[in-house]
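Chemist: Quick one: this structure, given as C-alpha cells, is what I'll be asking you about.
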Amino acid sequence: MDNVYKGRLLLDEDGTPYSKGKLLEISYFAEAIAVLIRFRENIPPRPHGMEKLIVDAVDGKDPSRASVRAELNALGWEPEGPYIAGILSLLGSDFSKFSIYSICATLEERVEGSYTCYHKGYIYLLVNLSASRLTAPDLRMRMAYIIREGLMHMGVSNIFQDFFQFPVYFRQAAITLRYREKSASTVWYSEFSSYALRYWLTEGIGTLTKDSLIPSELFLLQTYDRQNNTHLFQTLQVYLESERNSTLTSQILEIHRSTLPSRLQRIQQLTNLNLDDAETRLYLLNGFYSLKNL
C-alpha cells in the first residue's frame, strides 16, 4: 500500500474453482481490509483507474480523453455506446464499509458489463449495455430487487453513445435523484426521462449539454435508420407534429395509410415510448426542435 508492504490476505482452498461472484467478494474484502488499515494509520484513500476517473468527474474535474481511453482498454470496452450511468443513494442508511463493498460486488455480478465504485455516500454505476446484453427496461428489472432490498434510491441517466461524455450523464443521474426528492416520489428506480422535461423548462441546459437533454430514443431511431435504410425518425416527427393524425401523416410522408401502423409499431418495439402520454410527446417534440434549430 503506497509502496509499503502491509501484509497478505490468505484464503483456504477447498478444491472447487472460484466463481466470478466469489472472486469479487474476495477482492472487495481485501479492499475493506485496506480501508481499515488506512483508517488506523490515518492514510487518506487514493482511488485509481476507472474509480479515480469517476471520483474526479463527480467532483467536477473532467478527466482527459487519454486517461479515459486507457481505462476503457483495460475494461475491454469501446468508446461507442450504448452506456447508462446510475447513482445509488446510501445517505441516511446505516451501511458499513464492508456492506457497501458487498453491494458493489453483487451489482457487478448480477449486471455483467458493469463497473461500480463508492464515493461520499453514493455508489456510482456504469453499465455497458452491449456487454451486458441488456436494454434499459431489462436493467430496471435487474436492479429492482437489489434496490428495494437495501432500501436505496437510484437515479439513472439517458442512454448515451459516447463514453467520453460519461461525466455529463452522471450529472443527469444526480439531477434525477434531486428531482425525485423534490417531487417526494416513492419510486425506488428513477430515470432521467421522467424529469427531463421539468428540468429543461426550469433550468434550461443547466450543467448538461444539448445532446444529453434530447431524448436518447431519437438518436436510437437515427442510428437504426442509417443501418437499415428506414425512415422511422422522420415518421415519428411528422406523426407528432401532425398531432397524431394518421391521414395527414400519411399524406405528408407520401405513404399508404396501411404503412403507417407498421412503422409506429416498429418505433414502439425499439423505444418503448408511450405516445399516449402528453408529457412524453412534448419532450420528444422539444427534442426534434432542438436537433433542427439549435
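The values are calculated or read from the model by the stated rules, or taken from the named source; none is laboratory data. In this text, all values refer to a predicted model and were calculated from it rather than measured experimentally. Reconstructed Cβ throughout: ideal geometry from the backbone, glycine too, with neighbour counts over all protein chains shown. Each accessible area value is taken on the protein alone, full model and side chains, heavy atoms only, with ligands, DNA and RNA left out. Shrake-Rupley method; radii C 1.70, N 1.55, O 1.52, S 1.80 Å.
Chemist: Sort 181-192, 199-210 by the packing proxy (mean of other Cβ within 10 Å over each peptide's residues), most packed first.
Modeler: 181-192, 199-210
Chemist: Also, I was wondering about something else. Would you calculate the separation in nanometres between label points at Ala184 and Ile33, each defined as 7 Å from the Cα along the Cα-to-beta-carbon direction?
Modeler: 4.9 nm
Chemist: For His119, list long-range residues whose amide hydrogen, built 1.01 Å from N in the peptide plane, is under 5 Å from its own amide hydrogen.
Modeler: Distant-sequence amide H within range of His119: Tyr124.
Chemist: Now a separate question. On a 0 to 90° scale, report how tilted helix 192-203 is relative to the longest principal axis of the chain, with both axes built from alpha carbons and the result rounded to the nearest 10.
Modeler: That works out to roughly 80 degrees.
Chemist: Continuing with the same structure: State, to one decimal in nm, how far the label point of Thr16 lies from the label point of Lys61, with both points 7 Å from Cα in the Cβ direction.
Modeler: Roughly 4.4 nm, to one decimal.
Chemist: Quick check: at a probe of 1.4 Å, how many percent of the accessible area of the chain sits on carbon and sulfur atoms?
Modeler: Exposed carbon and sulfur together represent 51 percent of the surface.
Chemist: Check the straight Cα-Cα distances from Lys292 and name the lysines below 21 Å, setting aside those fewer than 8 residues away within the same chain.
Modeler: Qualifying lysines at Cα under 21 Å: Lys210.
Chemist: May I ask for the angle, rounded to the nearest 10°, between helix 232-241 and the longest principal axis of the chain, with both axes built from Cα atoms and the value confined to 0 to 90°?
Modeler: 60 degrees
Chemist: Moving to a separate point now. Calculate, in nm to one decimal, what Leu248 and Arg226 gain on full extension: separation in residues at 0.36 nm each, minus their alpha carbon distance.
Modeler: 5.4 nm
Chemist: Per residue, how large is the accessible surface of the chain? Use a 1.4 angstrom probe and give square angstrom.
Modeler: Spelled out: the 1.4 Å probe surface of the chain, per residue, equals 56 Å².
Chemist: Rounded, prolate or oblate for the range 59-141? Axes are the square roots of the Cα gyration tensor eigenvalues, ordered a ≥ b ≥ c, and the cut-off for rounded is a/c under 1.5.
Modeler: Taking the square roots of the gyration eigenvalues as a ≥ b ≥ c, the range 59-141 is oblate.
Chemist: Taking the Cα-to-Cβ direction at Asp162 and at Asp138 and moving 7 Å from each Cα, how far apart do the two end points lie in nm?
Modeler: Each label point lies 7 Å from its Cα, and together they span 2.6 nm.
Chemist: To the nearest 20 debye, what is the magnitude of the charge dipole of the range 232-294 about its Cα centre, counting +1 on the Cβ of each Lys and Arg and -1 on the Cβ of each Asp and Glu?
Modeler: Charge dipole of the range 232-294: 200 debye, to the nearest 20.
Chemist: Also, I was wondering about something else. Under a Cβ-Cβ cut-off of 15 Å, what is the net charge of the residues other than Ser250 that fall near it, where Lys and Arg count +1 and Asp and Glu count -1?
Modeler: 0
Chemist: While we're on this one: Taking loop as defined by DSSP and a crowding limit of 16 other beta carbons within 10 Å, which chymotrypsin sites (Phe, Trp or Tyr not before Pro) in the range 209-271 fit? Let's see the in-between values first.
Modeler: Working: sites: Phe219, Tyr224, Phe233, Tyr239; in loops: none.
Answer by residue number: there is no such site.
Chemist: So, one more: What are the ³J(HN,Hα) values, in whole Hz, obtained from phi via the Karplus relation 6.51 cos²θ - 1.76 cosθ + 1.60 with θ = phi - 60°, for each residue of the range 62-71 in sequence order, with x given for Gly and Pro?
Modeler: 6, x, 6, 5, 5, 5, 5, 4, 4, 6
Chemist: Can you compute 3J(HN,Hα) from phi for each residue in the range 125-134, using the Karplus curve 6.51 cos²θ - 1.76 cosθ + 1.60 with θ = phi - 60°, rounded to whole Hz and x for Gly and Pro?
Modeler: Whole-Hz 3J(HN,Hα) from phi for the range 125-134: 10, 10, 10, 8, 5, 5, 5, 7, 6, 10.
Chemist: With +1 on each Lys and Arg Cβ and -1 on each Asp and Glu Cβ, how big is the dipole of the chain about its Cα centre, in debye rounded to the nearest 20?
Modeler: 300 debye
Chemist: Mind checking the angle between helix 216-228 and the chain's longest principal axis? C-alpha axes, 0 to 90 degrees, to the nearest 10.
Modeler: Orientation of helix 216-228: about 70 degrees from the principal axis.
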